[in-house]
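Heads up: the structure comes next, in structure tokens.
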Amino acid sequence: MQFHRQIGYVGLAFVLVHFAISAQWDALTLSNALHAPLLVWFGMAALLALVVLIATSVWRQSLRLSYEAWHVAHAALALVLVVGALLHILFVDEYVSSLWKQILWGLMSAAFVGLLVWVRLLKPRRALARPWRLERVVAERGDTTSLVLKPPATDFRFDPGQFAWFAIGRSPFSITQHPFSFASSAERDEVELAVKALGDFTSRVTELEPGTTVYVDGPHGVFSIDQDEGPGFGLIAGGVGIAGLISMLRTMADRRDVRPALLFYANREWDGVAFREELERLKDGLDLTVVHVLERPPEDWAGETGYLTADVLARHLPPGYHRFQFFICGPDPMMDAAEAALIGLGVPSERVHTERFDMV
């Protein structure tokens, strides 16, 4: 996802350079534009689609676009971009004047069509044959809701910390699906999600009825203690970022894992700390230390306050923490600060792993 986002900027830079070099600036008038050949119209359609696609992604929240509306617009703009670019190339004889160029563009076009068929037809069809069931909807603290799901068979497996794309109460062929981290133990048959009310869909999950059909594309991701094992684990969560991390802790408890785990959990208020009672219970079966950091603590609070800083980390990190594997999930500013703080405290960068929810 990060590569996808960065390559969008690179693509825009190349397209703008191409436009700047090839445009006949002295002939840019409204009359000439209206009577321009098709190759110009297709090229401009592709360029404008790319600009709008990137702008709506970068400034989605400022534009107050819901995730669902953005997702539909993103797919439509991408289609206009690719089709317009290919038609532009086709109408410029120079680009397809030789056999090797025709083969090159033919292969790339076939790859795009094949990818579209795979993502929009074949994968949803496979999911359609394996529907899941929503078993329970459980209200948690902090505007968080646990969705307990039943896979179609007991052979579904995931690594603690991974995520999947979910179509809940809608067709697997729908354009918009939602990515959620697994919050349950990887050693159990039931699968649990932790969903915080942050958008149009997530604000309505409390209205879901048990028995609702769910379609799943996953698991995905390498954010997991099973992918990067170590002598101990440092977990840093902000808000609903606890989802994948509590999956790790629940899995360790079921496996009777004796390795030490240290959880830093940042929230605004004490009453909004999701799973706080369960975290206390998990201490009974794990070598677990939990450090709560509250932005607005209650009057009798004796723990850490404010933001999660390098000083807070340094006060609680145990001896030998340099060899731990660290996993960070939460709001981007907190993740950036925690990642920089850990590296500043001497943790090798290859032992610091992040999972970013706010891609757009």
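The values are calculated or read from the model by the stated rules, or taken from the named source; none is laboratory data. Computed from a predicted structure; not experimentally measured. A quick note on method: Cβ atoms are made from the backbone with ideal geometry, for glycine too, and the neighbour counts reach across all protein chains shown.
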Right, G114: modelled with pLDDT of 90 or more and within 21 Å of F14 (Cα to Cα) or not?
no
Does segment 206-222 include one or more residues that are farther than 14 Å from P179 by Cα and either in the same structural domain as V347 (by TED's automatic domain parsing) or within 18 Å of the chain's Cα centre (by Cα) (or both)?
yes
Restricting attention to segment 297-330, report how many residues are surrounded by 13 or more Cβ atoms within 10 Å (Cβ to Cβ) and within 16 Å of E269 (Cα to Cα).
7
Subset of segment 180-203, residues touching a Lys or Arg at 6+ places or on another chain (Cβ under 8 Å) and among the hydroxyl-bearing types (S, T, Y), comes to S184, S185, T202
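For segment 169-188, does any single residue satisfy the condition of being farther than 18 Å from H353 by Cβ, among the acidic types (D, E) and not assigned by TED's automatic domain parsing to the domain that holds A274? So that I can check it myself, show each step before the final result.
At the first step, the residues of segment 169-188 found to be farther than 18 Å from H353 by Cβ are 169-178, 180, 184-185, 187-188.
Restricting the remaining residues to those that are among the acidic types (D, E) gives 187.
Restricting the remaining residues to those that are not assigned by TED's automatic domain parsing to the domain that holds A274 gives 187.
Yes, some residue in segment 169-188 is farther than 18 Å from H353 by Cβ, among the acidic types (D, E) and not assigned by TED's automatic domain parsing to the domain that holds A274.
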I'd like the full set of residues that are surrounded by 15 or more Cβ atoms within 10 Å (Cβ to Cβ) and touching a residue at least 12 places away in the same chain (Cβ under 8 Å), limited to segment 62-71.
Y67, E68, W70, H71
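Being of a type in the set (A, V, I, L, M, F, W, C), within 24 Å of V138 (Cβ to Cβ) and modelled with pLDDT of 95 or more is the requirement here; does V290 meet it? Reasoning before the result, please.
Details: of a type in the set (A, V, I, L, M, F, W, C): yes; within 24 Å of V138 (Cβ to Cβ): yes; modelled with pLDDT of 95 or more: yes.
Against the criterion (of a type in the set (A, V, I, L, M, F, W, C), within 24 Å of V138 (Cβ to Cβ) and modelled with pLDDT of 95 or more), V290 qualifies.
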Scan L81, L149 and give me the residue that is more than 30 Å from E192 (Cα to Cα), crowded, with 16+ Cβ neighbours inside 10 Å and either within 26 Å of the chain's Cα centre (by Cα) or in the same structural domain as V191 (by TED's automatic domain parsing) (or both).
L81
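Out of everything in segment 197-212 that is assigned to a loop (DSSP other than H, G, I, E, B) and among the charged types (D, E, K, R), what residue ends up being modelled with the highest pLDDT? Steps first, answer last, please.
If we filter segment 197-212 for residues that are assigned to a loop (DSSP other than H, G, I, E, B), which is where we start, we get 197-201, 208-212.
Filter once more, keeping what is among the charged types (D, E, K, R): 200, 209.
Numbers: D200: 74, E209: 95.
Filtering first and then ranking leaves E209.
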